[in-house]
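Just so it is clear, none of the values below were taken in a lab; they were calculated from the coordinates. Worth saying up front: this structure is predicted, and the values here are computed from it rather than measured. Cβ: placed from backbone, ideal geometry, glycine included. Neighbour counts: every protein chain shown.
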Amino acid sequence: MNGIAIVAGGSAALARDLRGAMAEVHPVDACDGAAVEALAGRLGGGVDAVVVAGAEADPAAPPAAQVRGFVAANNHGTHRMITAFGPLLNDGGRFVVVAGPAGRLRHLPARLRPRFDVSRLTLPGLAAVLDDYVAAVEAGRAAAAGWPAWIEVACRVGQVAAVKIMARDLPPGRGVAANAACPGTADVLWLAAPGNAVPNGELVRNRVILPF
């Protein structure tokens with residue numbers, strides 16, 4: 001019997017060709033809160049895998065013109081999916097967020113890293129950090145606060161932090177794993193059969209765990 005997989009993101013994720021996947025696939029736009037809640041309510045449980053993709057930044061566009069939508073898609077969308085579908089995962093389930101190698105604390109200055117302390121941070125607290133970041137970019141204050149010029153960095157660090165928070169709070173003994181993946185690695189993680197040794201709460205690229 002095929003499992004149930006949720007694929008979330010913007011238009012790029014929804015357009016992904018998943019024919020042949022050994023699962024009953026349900027695409028959903030992570031930015032659409034009503035759609036996410038409706039799908040979660042309709043399924044009620046029994047989810048085997050969730051893959052969350054999102055938007056890509058436009059290098060040609062000013063950061064202030066795109067940061068709000070970018071964070072809404074990649075960060076708030078991820079939080080929405082964790083909250084809605086994390087509790088619905090079967091034993092041995094997989095939750096994968098497509099992030100990128102920019103999602104490492106080393107890409108932030110030392111003074112900003114404590115804001116992503118995943119040992120104590122909650123998802124609402126993380127959302128507040130990212131909302132503050134958006135406000136700083138839009139107001140032209142981000143550079144003075146130490147934020148990198150490229151908006152991918154804060155966003156991807158936030159995605160990896162969200163996965164680490166989810167993994168930290170997973171109930172033990174169920175074999176559920178939550179990870180972030182660089183593009184091209186997500187399928188390896190979400191297709192891993194239950195019982196196989198997989199990382200949990202990590203950023204993975206080409207089967208290698210990248211330090212946060």
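Key figures
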quantity: Gain on full stretching of the segment that runs from ARG141 to ARG42 - 0.36 nm per residue minus C-alpha separation; calculated: 31.3 nm
quantity: Theoretical gain in end-to-end length, ALA34 to ASP132 [0.36 nm per residue, Cα-Cα removed]; calculated: 32.8 nm
quantity: Ranked by how many other beta carbons lie within 10 Å on average, peptides 90-96, 28-34 from highest; calculated: 90-96, 28-34
quantity: Approximate spin-label separation THR122-VAL208, in nm, with each point projected 7 Å along Cα-to-Cβ; calculated: 3.8 nm
quantity: Ordering of 42-51, 166-175 by burial proxy (mean other Cβ atoms within 10 Å per residue, highest first); calculated: 42-51, 166-175
quantity: Amide H partners (placed H, <5 Å) of VAL25, local residues excluded; calculated: ALA5
quantity: Karplus-derived HN-Hα couplings along the stretch 61-66 (A = 6.51, B = -1.76, C = 1.60, θ = phi - 60°), whole Hz, x at Gly and Pro; calculated: 9, x, x, 5, 7, 10
quantity: Amide proton proximity set for ALA99, modelled H, under 5 Å, gap of 5+; calculated: ALA181, CYS182
